[in-house]
There are 4 protein chains.
Amino acid sequence: MSYVSFAAGKPLDFVAVGRLCIDLNANEINRPMEETMTFTKYVGGSPANITIGMSRLGLRTAFIGKVADDQMGRFITDYLERNRISTENVVTDRTGAVTGLAFTEIKSPSECSILMYRDNAADLLLSPLEVREDLIAEAKLLLISGTALAKSPSREAVFLALDYAKKHGAVVAFDLDYRPYTWTSREETAVYYNLAAEKCDILLGTREEFDMMEALGGNPGGDDRVTAAKWFDYAAKIVIIKHGKEGSIAYTRDGASHRAKSFPAKVVKTFGAGDSYAAGFLYGVMQGWTLEKSMEFGSAAACIVISSHSCSDAMPTAEAVEDYIERCNRGEITATV
Amino acid sequence: MSYVSFAAGKPLDFVAVGRLCIDLNANEINRPMEETMTFTKYVGGSPANITIGMSRLGLRTAFIGKVADDQMGRFITDYLERNRISTENVVTDRTGAVTGLAFTEIKSPSECSILMYRDNAADLLLSPLEVREDLIAEAKLLLISGTALAKSPSREAVFLALDYAKKHGAVVAFDLDYRPYTWTSREETAVYYNLAAEKCDILLGTREEFDMMEALGGNPGGDDRVTAAKWFDYAAKIVIIKHGKEGSIAYTRDGASHRAKSFPAKVVKTFGAGDSYAAGFLYGVMQGWTLEKSMEFGSAAACIVISSHSCSDAMPTAEAVEDYIERCNRGEITATV
Amino acid sequence: MSYVSFAAGKPLDFVAVGRLCIDLNANEINRPMEETMTFTKYVGGSPANITIGMSRLGLRTAFIGKVADDQMGRFITDYLERNRISTENVVTDRTGAVTGLAFTEIKSPSECSILMYRDNAADLLLSPLEVREDLIAEAKLLLISGTALAKSPSREAVFLALDYAKKHGAVVAFDLDYRPYTWTSREETAVYYNLAAEKCDILLGTREEFDMMEALGGNPGGDDRVTAAKWFDYAAKIVIIKHGKEGSIAYTRDGASHRAKSFPAKVVKTFGAGDSYAAGFLYGVMQGWTLEKSMEFGSAAACIVISSHSCSDAMPTAEAVEDYIERCNRGEITATV
Amino acid sequence: MSYVSFAAGKPLDFVAVGRLCIDLNANEINRPMEETMTFTKYVGGSPANITIGMSRLGLRTAFIGKVADDQMGRFITDYLERNRISTENVVTDRTGAVTGLAFTEIKSPSECSILMYRDNAADLLLSPLEVREDLIAEAKLLLISGTALAKSPSREAVFLALDYAKKHGAVVAFDLDYRPYTWTSREETAVYYNLAAEKCDILLGTREEFDMMEALGGNPGGDDRVTAAKWFDYAAKIVIIKHGKEGSIAYTRDGASHRAKSFPAKVVKTFGAGDSYAAGFLYGVMQGWTLEKSMEFGSAAACIVISSHSCSDAMPTAEAVEDYIERCNRGEITATV
């Protein structure tokens, strides 16, 4: 059964709007960052990672965002283009903003943290007038991401993108991607997350992220079914709630819930798991696969990324994901965290 | 025919959220403000004026807002109480914010302008956590006003108030009351006005205010029926579009439009016309009157206010409005601008 | 003995730089402001008041400052010109700043307070590039005032004016005029007050103002002679420390201290006492009078102002001050607070 | 002849106040940063580098500054301590500020640039109350640096440190270290640089930096002797003006100018030349050497640093500098840029 349907005949499969930044990943790992002396540079930011993932999986993609007018910004734009992602709506800031940074610290495969630089970040300066309606009109699926809601004018740019998607019949997926930096208060966060979620077809987030959205009331027990039911009263068709090691559950309008099996992995770090999962899952849904098969594909894609040093650069092709699943099925990959 | 219905048995008729400030009205008028030497102090702010109007008309009212911790703030709270408006949700700021000011300039009855002081205004500091759900739960009608959307955290407080109204079955009226101060850009304004309007039952605004809401597209010709139709796709039941001297038109979901006759007035200034009209009209709707009769009542209330020196202090009782209509009908009031 | 000497042959006697604003004085007095309903508008701001005072006393004066591009700003400029003060260096802001306001509350002649509006005030936006060196070059005496040091770029404009004064041989007087609004911390205040005071010939302030300047150490006992001695190590020749009802003392480089007798007054309010005293005292010094006679003249000027409703508008002529002194000497004025 | 004399018997030779940050130096060099994939982390910031240099040369040193409460901040404090620099006045920020970053780009040995992250940098949050008077009282020489003047409250902290230095008889050196980031305007910069320079015994800067200080007038021709003469009217005894490849000139109060020979170097990059020169020169002056010998020592120290990958980490010991001079004298080092 298909829970969402995509407009046929549109030239673009996927467009995302939001955060574009730089990851600086520790080269010397399994130690505190104080003892890490060198870092490797990658493109980062959840919606950028997902777009790179979608492009690697073979879809026609584009990005809507803003980069700094510096070496980091040019590196990002160039990397997207080398990955066959249209950058015609990647705008260059002219106000002296900088590229957001994320230094990663990997103390152990399960103890990972991030040191963020988000002050005066170019991606948050994307303005409504810079969002191209024609690009969204051409896309089957629009992905928005929570961090782009954290500040004006990026926040308004996202709401306008949502209007354009509705007007032109694009399916909208919302990757909650909540990061406490930049936001002023939990109440501010909850208000804008809710306003955006009302307009989305597919919601993906952790239980903690949905709890934050319910900070102003409505579900004190943090019950998944209460959460999902709320959004089915608006536009949502699929609500995926992630419970960490206990796995993810997809709730659907028909009252059903869906789970998929998980795979073993030789984990280097946990960063990027959510982004690769989102790419794999949305890819499956766009292929018309069942939710279970889509979720399984997302899980396998995530296993590949968390076994690697980077996030964006490790996004797998469809063949690599299928190969990973087969090797797991044959028992060739067994290590787990 | 009744276009909106109000919950029976609620203890409060009306609650408004938003701007509370001080008007400093020129005593020496019909000249530029440079030549005005003395000013008289009144409570002001569109939602405050409407609430005072509703209370004078005999309804049970309350206000949700924030005042400065100074002499101006205490004067406002005291004035509301003396007008039998519940101030249990009028919060006092503790950060050193000031009371917004509006100096009025009356060069002639038709040439009026306002010099605004809105920097660090206490009313814009109302936060979501300060909005009392129980108060909104008790009210039949919630009025929101555009200026409260101009800045965080007041903006989020209004969106939360809208949620509470929906949850507890209160009718919501939105007085657009667009003021360019405080807003960063027309796009920002349009985005939040639209997000709020989607959730409202009754919209009141001038043609220019609706044009601003359509600045991002959708109605390049500024056609009233296109404007109204958009909101009927959401929650709206009544959309009133004001065309200045050409009068106001109320559009309704059934495709009808409604006009009412206007009255003559000895105009002192134009300030306060919209607020008294809103109070009179909403009062009529709450009495179950036809839209035409409600609009007529609003127009007469407006005539009384624009014939006086103040806005808030001139808000009439129901008897005064009825008396004004009768005197007009008897031909006793003839002067117009 | 003359403690400071002024360059002969300069076309301007006096130029001041700094705050220009509007006073809104309570018409109904001897009550809390909550109960005051009407206010009268006057030009205000300590350096503006002193300049008006100097002009009334017959000196050739000019002002360096910035006004808002609104009715209040135009009123101020016009008032200065009507008082024969050159406004060629009164710049009009183009950023949307407002005119600072001071609402006065007179609970009793000795219980006076001010409600200030200083957010986004135009006078604090005066920039160094707007200060005209040629104007300072033409002046015998430059007056600076502490409030102009409270924020950039006005702060830098004052330091540049001090440089110009030194370069062109103008005597500099510093009216401390400390107001807590706008300043971030006592330490910030103390640092910039001290940097400015190092470059001034004449310092005037209350004991409390000098205490604030010594907040970072150096005179824990608040001893007047320690205070004065510090500044004589820099450029100061005269340091006047005001002790409220106990009167003022002028300290000089030669180790002497000077006091003058005070006069009775029918006090309406205390506002403006310091400004009129400063104008009268500096006028006397510029006439070559003894410090004692100059201080007496300042005291009499202050008595006239505190017996009136306004500050700026009540600044007396030299004849009026002399007449006041004579009437006091004849025993015709006896009332005191 | 000795131009400055240092107090005997103080326990500390040298204390610096100001910027503490992280350099991220390109590992793959001689290319644009877009093509650099890995970076190595070092302690950076001009006054920090000079302090590390002074400690390596054998002096007893301390630092006054503020670091972020994160891994970068802890790395900096730890690095200083490992270099025997007292960190008792290195304060940890608790407001969520970040560590300033400087990514270096080395396109060729002579084409170097820096990508700065200075938004919300912890070092600029050092407040006056955090500067320890007792530490400055114990030091023979205080170094201040221009970047710490760029913003409040760090700016006020520096002015207070200057007061403490004067009070306790410490010699003050001012390394101009002008960086355009953070400053609002050239006028703002000029005003505070001049106010600080008036209180300093030794000034070191490039011709361009002195030009910026004279942006408000006084030396339109950019003449070195006019520049130096201005400061000799205040507290300065030595003014060093650097002319890039043409070498540096030290001007002294007696009207003399001093030059030293330069040395060949196998240049990797130009970063750090000024800091190592300052450390070497000030070390020489503190040893009582002639200015010529001190300048020569500074030049040789600079050659060592620009031949290395880092700035701070490459700061040489006195033996290494002497050895470098000897090897140059023996003709063993010949390469130049």
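Taken together, the values in this text are just the output of simple stated rules run on the coordinates, not laboratory data. Not measured: the values here are computed from a predicted model. Glycine gets a Cβ as well: all are built from the backbone with ideal geometry, and neighbour counts include every protein chain shown.
Semi-axis lengths, largest first, of the ellipsoid equivalent to the stretch A:206-311 are 25, 17, 11 Å, with √(5λ) applied to each eigenvalue of the Cα gyration tensor. Chain C holds its axis-closest Cβ, relative to the rotation onto D, at the residue and whole-Å distance C:LEU195, 3. When a/c is below 1.5 the answer is rounded, else prolate if a/b is larger than b/c, else oblate, so apply that to the stretch C:47-191 with a ≥ b ≥ c taken from the square roots of the Cα gyration tensor eigenvalues. Note, shape of the stretch C:47-191 comes out rounded. Could you tell me whether the stretch B:125-280 comes out rounded, prolate or oblate from its Cα gyration tensor? Rule is a ≥ b ≥ c as square roots of the eigenvalues, rounded for a/c under 1.5, then prolate if a/b exceeds b/c, otherwise oblate. Rounded, because the longest to shortest axis ratio a/c is under 1.5. Taken as Cα centroids, the stretch D:119-135 and the stretch A:2-48 sit 37 Å apart, rounded to the nearest whole angstrom. The order of D:CYS328, A:CYS200, going from fewest to most other C-beta atoms within 10 Å of their C-beta, is D:CYS328, A:CYS200. Considering only chain B, what is the antiparallel percent among its DSSP beta bridges, to the nearest 5? Of the beta bridges lying entirely in chain B, close to 40 percent run antiparallel. Within 13 Å, Cβ to Cβ, of A:ASN329, how many net charges do the neighbouring residues add up to if Lys/Arg are +1 and Asp/Glu are -1? Result for the neighbourhood of A:ASN329: -2.
Taking a ≥ b ≥ c as the square roots of the Cα gyration tensor eigenvalues, the stretch B:33-120 comes out oblate, since a/c reaches at least 1.5 and a/b does not exceed b/c. Between the stretch B:186-262 and the stretch A:62-93, the alpha-carbon centres lie 39 Å apart.
Take each residue of peptide B:18-27, count the partner chain Cβ atoms within 10 Å of its Cβ, and average: the result is 1. For C:ASP254, inter-copy separations between label points set 7 Å beyond Cα along the Cβ vector come to 4.1, 9.8, 10.5 nm, shortest first. With contacts taken as Cα pairs under 8 Å and at least 6 residues apart, the stretch A:255-337 reaches a relative contact order of 38 percent. Mean separation of Cα pairs under 8 Å and 6+ residues apart, divided by the residue count of the stretch A:1-94: what relative contact order is that in percent? Relative contact order here is 28 percent.
In chain D, Cα pairs under 8 Å separated by at least six residues give a relative contact order of 17 percent. Its residue count N fixes a reference of 2.2 N^0.38 Å for chain C, and the Cα radius of gyration divided by that reference is 0.93.
Give the lysines whose C-alpha is closer than 24 Å to that of A:LYS245, dropping any in the same chain fewer than 8 places away, or say none. Hits, sequence-local ones excluded: A:LYS107, A:LYS261, A:LYS266, A:LYS269, A:LYS293. Sort D:THR104, A:THR87 by Cβ crowding within 10 Å, fewest neighbours at the top. With the fewest neighbours first, D:THR104, A:THR87 line up as A:THR87, D:THR104. Averaged over peptide A:189-197, the number of partner chain Cβ atoms lying within 10 Å of each residue's Cβ comes to 4. Relative to the globular-protein estimate of 2.2 N^0.38 Å, the Cα radius of gyration of the protein assembly as shown stands at 1.05. Protection proxy ranking for C:242-253, D:165-176, B:117-128, using the average of other Cβ atoms within 10 Å per residue and placing the highest first: B:117-128, D:165-176, C:242-253. Look at D:THR40, D:THR184, A:THR227 and count the other Cβ atoms within 10 Å of each Cβ; fewest to most, that gives D:THR184, D:THR40, A:THR227. In chain C, the DSSP-assigned H stretches of four residues or longer account for a calculated mean residue ellipticity at 222 nm of -10000 deg cm²/dmol, using -39500 (n - 2.57) per stretch and the full residue count as denominator.
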